[in-house]
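Down below is the structure, laid out as structure tokens.
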Amino acid sequence: MKQKFTFTIDEKKETITIQEACEADPGAFIIVHKEQYPYDDMKNALEEGEDSFVELFRRKNLFPPQDLSLKLFESLGKFFKDGGGDKFVVEYEDIEAFPQEKEEPEEVDDADVDELETLLQDETEDVTEDDIKEIDGDDDTPKFQPDNNSEHEN
């Protein structure tokens, strides 16, 4: 599920408003929740660190998982360091929470390669026409007879 968190900073009212929007249809987001935080409290929590920010940020109706909380912490901190403005958006997709595994190819020995090549060699010269007739000699017509021959399916 894709989500967008819009941070609106109003220094005159000394508030930070966060709107959580979820993707209802591809490309169409609906606002599902809105929270306000005191500007100074949020700034102080950012300066104190991740734990303080997460503790302030989480509320009864807005309780993001740890990885999303840390992403919001980092994004808001970067926003204030860069000089900011009055509004910015953080996009999140829940697939980001899953660890990304990178498969490294296994090293292959030359002996394994040689063995594999011998297994893959074409050995059609050993098969005779009599062998083919013996394999293909059976009638391939299906012999299935349904017990119920009514027109209705169950």
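Overview of results
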item: Selected residue (criterion: farthest from LEU68 (Cα to Cα)) from residues of segment 16-51 that are of a type in the set (S, T, N, Q) and surrounded by fewer than 15 Cβ atoms within 10 Å (Cβ to Cβ); result: ASN44
item: Selection from segment 53-91 of residues that are hydrophobic (A, V, I, L, M, F, W, C), under 16 Å from PRO38 (Cα atoms) and touching a Ser or Thr at 6+ places or on another chain (Cβ under 8 Å); result: PHE53, VAL54, PHE57
item: Neighbours by Cβ (under 9 Å, 6+ apart or cross-chain): first from segment 1-15, over 7 Å from GLU91 (Cα atoms) and touching a residue at least 40 places away in the same chain (Cβ under 8 Å); second among the basic types (Lys, Arg) and surrounded by fewer than 15 Cβ atoms within 10 Å (Cβ to Cβ); result: THR6/LYS87; PHE7/LYS87; THR8/LYS87; ILE9/LYS87
item: Residues located in segment 2-35, provided they are under 16 Å from LEU62 (Cα atoms) and hydrophobic (A, V, I, L, M, F, W, C); result: PHE5, PHE7, ILE16, ILE18, ALA21, CYS22, ILE30, ILE31, VAL32
item: Pairs, first in contact (Cβ under 8 Å) with a residue 40 or more places away in the chain and hydrophobic (A, V, I, L, M, F, W, C) in segment 101-120, second part of a helix (DSSP H, G or I) and exposed (fewer than 10 other Cβ atoms within 10 Å of the Cβ), C-beta under 9 Å, six or more apart; result: none
item: In segment 21-57, the residues that are under 19 Å from the mean Cα position of the chain (by Cα) and not hydrophobic (A, V, I, L, M, F, W, C); result: GLU23, ASP25, PRO26, GLY27
item: All positions within segment 68-103 that are of a type in the set (Asp, Glu), surrounded by 13 or more Cβ atoms within 10 Å (Cβ to Cβ) and not in a strand (DSSP E or B); result: GLU74
item: Some residue of segment 36-54 being among the aromatic types (Phe, Trp, Tyr) and more than 18 Å from GLY85 (Cα to Cα); result: yes
item: In segment 16-32, the residues that are within 17 Å of LYS87 (Cβ to Cβ) and without any contact (Cβ under 8 Å) to a residue 40 or more places away in the chain; result: ILE16, THR17, GLN19, ALA21, PHE29, ILE31
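Values quoted throughout were computed directly from the atomic coordinates according to the rules given, and no laboratory measurement underlies them. None of the values given here were measured: they were computed from a predicted structure. Backbone-built Cβ (ideal geometry, glycine too); neighbour counts: all protein chains shown.
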